[in-house]
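Here the structure is laid out as structure tokens; the discussion comes afterwards.
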Amino acid sequence: MRFFSYKLTHDDGLAPNPFWEFLTLAVCKPEIRENRNIGDWIAGFSSKELDSSCEIGKEKLIYLMKVTGKIPFSKYWNNPKYDIKKPDLASSDLRKHIGDNIYKPVRMEYEQVPNVRHCSSDMDKDLKSKQVLLSDEFYYFGASAIELPDDIRPKIPFRQSSNGYETTDVQCINNLLKYVSNNYKTGMIDYPTSWGRKTQI
């Protein structure tokens, strides 16, 4: 079991996308999407960019996921199971508005479909990895991000890190996972931070 942590500069429901009963990481963080595998755990923490009151050593846990699937963009787009993650800009439902399934395979390349957050200038970074990470075992706290007790805090980068930091202390990892599972339900617990809502679902 491997455990990796990184800091989020944005939490608007795109990356990660916690909606429709499974969490996906399909854009941004190409190194993480490329190098993490099924069975790995990924933790996303707050940052100064996301929360101006955030202090180093006091970062809050925004989401925790176990990677339970890993597929290429082509399968993400072509499998009807993931159509719900395609952006629907005409919908009044913000969850559909901010879908992350935005790369349509066209011949041997990918075409970016209209969406609310990423534009053509983001394509080079997104397409550095053509992998999508999936999870049906996750905790997404969003606007209700939690502060972990000091004795179970994993290694967290001081600043932005493209690949995240790995925590190798197995006891720390097990204690962290036990703490979260004992105190919180799996799935989406609150809405994204930038939605300005702090009402638990």
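The values are calculated or read from the model by the stated rules, or taken from the named source; none is laboratory data. Here the structure is a predicted model, which means the values were calculated and not measured. No Cβ is skipped: glycine too gets one built from the backbone with ideal geometry, and neighbour counts run over all protein chains shown. Note: areas computed on protein heavy atoms with side chains; ligands, DNA, RNA excluded. Shrake-Rupley method; radii C 1.70, N 1.55, O 1.52, S 1.80 Å.
If Lys and Arg each add +1 and Asp and Glu each add -1, what is the summed charge of the other residues whose beta carbon sits under 14 Å from the beta carbon of Tyr165?
Overall, the nearby charge balance is +2.
Show me the ranking of peptides 28-34, 163-169, 147-153 by mean Cβ neighbours inside 10 Å, starting with the highest.
28-34, 163-169, 147-153
Going by Cα centres, segment 170-194 and segment 17-61 are how many Å apart?
Their Cα centres are 13 Å away from one another.
Tell me which residues come under 5 Å, amide H to amide H, from Gly187 once H is placed; ignore anything under 5 positions away on its chain.
When sequence neighbours closer than 5 places are left aside, the close amide H contacts are Phe138, Tyr139, Tyr140.
Once the Cα atoms of segment 121-160 are picked out, what are the Rg and Dmax in Å?
15.2, 41
Sort segment 37-134 into rounded, prolate or oblate with this rule: let a ≥ b ≥ c be the square roots of the eigenvalues of the Cα gyration tensor; rounded if a/c is under 1.5, and if a/c is not under 1.5, prolate when a/b is larger than b/c, oblate otherwise.
It comes out prolate by the Cα gyration axes.
With each run of n ≥ 4 DSSP H residues scored as -39500 (n - 2.57), what mean residue ellipticity at 222 nm is computed for the chain after dividing by its residue count and rounding to the nearest 500 deg cm²/dmol?
Helix contribution divided over all residues of the chain: -4000 deg cm²/dmol.
If Lys and Arg each add +1 and Asp and Glu each add -1, what is the summed charge of the other residues whose beta carbon sits under 12 Å from the beta carbon of Ser46?
That works out to -2.
Could you give each residue of segment 122-129 its phi-based ³J(HN,Hα) in whole Hz, using Karplus coefficients 6.51, -1.76, 1.60 with θ = phi - 60°, and x for Gly or Pro?
So the Karplus estimates, Gly and Pro as x, are 8, 5, 4, 5, 4, 7, 4, 10 Hz.
Under the rule of at least 5 residues apart or a separate chain, name every residue whose amide H is placed under 5 Å from the amide H of Ser161.
Here the answer is Lys7, since their amide H atoms fall under 5 Å of that of Ser161.
How large, in percent, is the carbon and sulfur part of the accessible surface of segment 1-160 at a probe radius of 1.4 Å?
Answer for segment 1-160: carbon and sulfur cover 48 percent of the accessible area.
Sorted by mean Cβ packing within 10 Å, highest first, what order do the peptides 37-48, 8-19 take?
The densest-packed peptide leads the list: 8-19, 37-48.
Please compute the per residue accessible area over the chain with all protein chains in place, 1.4 Å probe, rounded to a whole number of Å².
Accessible area per residue, the chain: 50 Å².
Show me, for segment 94-102, the HN-Hα J-couplings you get by feeding each phi into the Karplus relation (A = 6.51, B = -1.76, C = 1.60, θ = phi - 60°), rounded to Hz, glycine and proline as x.
4, 5, 7, 5, 10, x, 9, 8, 10
Less than 10 Å Cβ to Cβ from Val27, Lys/Arg counted +1 and Asp/Glu -1: what total charge do the surrounding residues give?
Net charge in that neighbourhood comes out at +1.
By per-residue mean of other Cβ atoms within 10 Å, what is the highest-first order of 188-195, 170-177?
Result, highest mean Cβ count within 10 Å first: 188-195, 170-177.
Which value, in debye to the nearest 20, describes the size of the charge dipole of segment 129-201 about its Cα centre when Lys and Arg Cβ atoms bear +1, Asp and Glu Cβ atoms bear -1, and nothing else is charged?
Using Cβ point charges on Lys, Arg, Asp and Glu, segment 129-201 gives about 260 debye.
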